[in-house]
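See below for the structure under consideration.
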Amino acid sequence: MRKLLLIAVWVLSSIPLFAQQNIESALEHLDQTIQQAPLFDSLKEKAIQQTKSALQAAPDQAGRFNLCLKLYEEYKSYRYDSAYSYALKLQDAAEQLHDEALIQQAKLKVCFSLLSAGLFKDAADSLNSIHPRFLPAQLETEYFLLLGRFYYDMADYANDSYHTPGNVAEGSRYLDSALVRMPPGSFDYEYYSGLKDIRLGQKDRALETYKRLMARKGLTEHEVALTASTLADIYIQKQQNDDAIALLIEATIADIKSCTKETSAAYNLATLLYRKGNVKDASTCIQLAISDAASYGARHRKVRITDILPLIESEKLLLVKKQEKTWITYAVIVTFLLIGVVVLTITVLRQVKKLKVAQQIITQAHVKEQEINHRLIEANNNLQEANNIKEEYIGYFFTANSEFFEKMEKFKKNLEAKIKDRKFDEIKSLTGKIDLKAEKDYLLADFDRIFLKLFPHFKGEFNALFNHEDQIELKDGELMNTDLRIFALIRLGISDTEKIAHILQYSGNTINTYKTRIKNKSIVPNEEFERRIMKIQGG
């Protein structure tokens, strides 16, 4: 019995860890899908372009109407302005055909576009211009769904105790009119039945409805996204955030694959991840939400995103500062360790002249020296791991090391002065072996390597700003030269001339001369040159 109890405790305690691992795996899948988003969009654009070509060759207004309708459907969840444009062309083609049913159908499409973009006043005017008596039976459902969505969106927009209840009631009334015209058991019937239950506070019934829908096979990517996102809203209201996150990840992936830009899944996912303290993935999702909102042109979504974006970016900045302090600590430790090596070396050399007891002290000092060297190797290995740090740290890393070498040079001079006063010629000879220039050259070479790892196409894109005869040709063994390094530092965000001069060990006037000479050779205007440099993308 006791064994069974222990097993039960172990299983229950492992469930949160297992769920967290599943979320992390799903987030990795989401990251991969976000990277593939341009591919899905390009396929979408290719299909759109083929339809546009067919539209140009349309033989009559009927064919033009059908192709405009197809283009509208392609754009309606992808890009508002294009969807609205083709909805107007659809209306124009319908008027040319003098077909009242087609005219009303086109007005429905115009209204949907306006509503999706958050233009509620224009959407209301468009809805009022539609005459239901001219609508064929197959369009009545769409009309009542549109009215239901309009009032539900108005309820969300008002979000108060005065307007919201009336708008919800009105939206539910129109949704009832749509539901009676749908075949029971269809996806739309189940989805909008659940939506109505949510609005009327019957969340448990809606929960079961959407669970059934999620388990249904053969759903399109868009249907998966709609169902998962709505089901996630229910879990959020029930404070089951891990379940909501898993569903929102699935919804966001489906939105990307279906090229749906008119969506809130990425925004809601970013909000939940931020609340859990996952700032990195929250930042990725909010950037996706910003990109989608900008691409689609949904103004009300852009406004809503600004509520959470500053919070995420602020938290991200705090993490950056925390990591920055860590690197400062590492740099200070390395500095003191190097100074410690020099001090120990001086101590060892002094003890050489002493008797047997002094010999033992030297041996102990040697052991300590080996331990410190081992710690130095470990510290250097830790510094090597900085190859993948973000752009801000690269600039900081080399600024800090430049200051470090200046301190070491001052230390060398002070040490030589002390040695001179005490006439320790042997020690002076030893310190003379410190080659700061070689260390600086090594640092610059390391900068070149790290920078080109992050920006492998930098040299090619830099040269693209010049005529062939003015492009930079590197010597054998060179990764970058001074011209490239100046603008590499600018690309990393170090725009201050004095700081660049400080890092590269030139005067500020020399750096300005380099920049002016390079800009004057460029094929782009001088004032545009640095903005073009900042647009160069990493690998």
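The table for this structure:
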| read-out | value |
| --- | --- |
| For region 82-159 and region 223-241, distance of Cα centres in Å | 28 Å |
| Projected label distance in nm at E28 and Q138, using a 7 Å step from Cα toward the beta-carbon | 4.7 nm |
| Average silhouette area of region 183-297, convex hull of alpha-carbon atoms, in square nanometres | 7.3 nm² |
| Sequence-distant residues sharing a close amide H with F466 (under 5 Å, placed H) | I523 |
| Pair E478, Q537: separation of 7 Å Cα→Cβ label points (nm) | 2.9 nm |
| Pairwise label distance in nanometres, A37 with R275, each label 7 Å out on the Cα-Cβ vector | 2.3 nm |
| Extended-chain gain in nm, criterion 0.36 nm per residue less alpha-carbon gap, N512 and D204 | 104.0 nm |
| ³J(HN,Hα) computed for each position of region 203-219 - Karplus, 6.51 cos²θ - 1.76 cosθ + 1.60, integer Hz, glycine/proline x | 5, 5, 5, 5, 4, 5, 4, 6, 5, 4, 5, 4, 7, 6, 8, x, 5 |
| Full-extension gain in nm, T335 to Q471, via 0.36 nm per residue minus C-alpha separation | 45.0 nm |
| Sequence ranges 59-71, 464-476, ranked by mean other-Cβ count within 10 angstrom, highest first | 59-71, 464-476 |
| Exposure proxy ranking, count of Cβ atoms within 10 Å, fewest first, for C259, C111 | C259, C111 |
| Out-of-range pairs (alpha-carbon distance over 27 Å; input K217/K276; K196/K238; K46/K261) | K217/K276 |
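A short reminder: the numbers here are calculations on the coordinates, not readings from a lab. This structure is a prediction, so every number in the text was calculated from the model and none was measured. Methodologically, a virtual Cβ is constructed for each residue, glycine included, from the backbone with ideal geometry; neighbour enumeration extends over all protein chains shown.
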